[in-house]
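See structure below.
The values are calculated or read from the model by the stated rules, or taken from the named source; none is laboratory data. Computed from a predicted model, the values in this text were never measured in an experiment. Cβ sites come from the backbone with ideal geometry, for glycine too, and all protein chains shown count toward neighbours.
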């Protein structure tokens, strides 16, 4: 018995299962994962809106059907705008890696222009629909359509506001670590919106035309 | 002991570096693939090559599925290494919830509609 207690006293160290003291984290080290989890939760908002559209998308209430109101050429141009803005944002990130402030700002400006073109074309499309009487309150199909596509458009608009703010930040403070971190977060957000748009043009527009 | 603690510290320090964000080549590959994967479904619907609507719908959804994966890999840079796997774990979790939300809503609401007592409008169309 005494032998057993002896082994567990001072000389021998107890095994360590965890570090008692939190080690130092570099500033902003957890930002990327945190922002990624935000993006994933945003993805769930869109999942709910897609589910709503999936359930209500066929209820026209004797009003216009997708075939009567959608114009695929406009949607194709819109898709091209968003796709181009994705690749130019990628170029901005590559310029940021090489610490070229001017090139980063230039590519961000091009991205913002494509994004603004996307929002502009979408607003033009919405205005056309409302002019034809295809308003959100016309049928369940149009309510869920405007909610889903409008929420995506609002996201793109807030992404644009964020992009302009960051361009001002980079222009005044330069490509400091904090600005690089913010640009990488916006990159996640921007590419995520492009992924959501794939769902929108496939399930809302293309499948709507097939209905 | 000190060695052990050091090893623990090392493994915990994998998050110093920023998340991976591709090269010019990977961005261009991703862009090229997504242009092709967008153009084909638009062409399929606009030209109406596939007469059977069910086949056309399934084909288009297949293209969307592949394109989403292309974007996640080449633009969002989700891989098994970043944030020691937490990025892909949260992504997979989200996809599972997304699948349950979508398929569950569609399934339940479809059955609700088809089990509903017919409305006067439907009755009038009945033989």
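Just a few scattered comments:
Every residue, every condition in (1) modelled with pLDDT of 95 or more; (2) more than 16 Å from the chain's Cα centre (by Cα), yes or no:
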residue	(1), (2)
A:162	yes, no
A:165	yes, yes
A:168	yes, yes
A:175	no, yes
A:180	no, yes
A:186	yes, no
A:190	yes, no
A:193	yes, no
A:199	yes, no
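- Among the residues listed as A:169, A:177, the single one being farther than 30 Å from residue A:70 by Cβ and either touching a residue at least 40 places away in the same chain (Cβ under 8 Å) or within 14 Å of chain B (Cβ to nearest Cβ) (or both): A:177
- Within segment A:28-59, the only residue that satisfies the criterion of being farther than 17 Å from residue B:85 by Cα, more than 7 Å from every other protein chain (Cβ to nearest Cβ) and free of Cβ contacts under 8 Å to residues at least 40 places away in the same chain is A:41.
For (1) surrounded by 22 or more Cβ atoms within 10 Å (Cβ to Cβ); (2) more than 10 Å from chain B (Cβ to nearest Cβ), each residue gets a yes or a no:
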position	(1), (2)
A:161	no, yes
A:182	no, yes
A:186	no, yes
A:205	yes, no
A:210	no, no
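- Of all the listed residues (B:48, B:22), the sole one being at pLDDT below 90 and under 29 Å from residue A:182 (Cβ atoms) is B:22.
- Qualifying position, being part of a helix (DSSP H, G or I) and in contact with a helix residue (DSSP H, G or I) (Cβ under 6 Å, 6 or more places away or on another chain), among B:91, B:63: B:63
- Looking only at residues of segment A:69-99 that are surrounded by fewer than 18 Cβ atoms within 10 Å (Cβ to Cβ) and touching a residue at least 24 places away in the same chain (Cβ under 8 Å), we find that the one that is farthest from residue A:189 (Cα to Cα) is A:71.
- Each residue in segment B:82-127 was checked for being more than 7 Å from every other protein chain (Cβ to nearest Cβ) and either within 12 Å of the chain's Cα centre (by Cα) or surrounded by 11 or more Cβ atoms within 10 Å (Cβ to Cβ) (or both), and 16 pass.
- Test: residue in segment B:108-121 that is touching a helix residue (DSSP H, G or I) at 6+ places or on another chain (Cβ under 7 Å) and not assigned by TED's automatic domain parsing to the domain that holds residue B:26: yes
- With respect to being more than 9 Å from chain A (Cβ to nearest Cβ), over 23 Å from residue A:89 (Cβ atoms) and part of a loop (DSSP other than H, G, I, E, B), residue B:49 fits the description.
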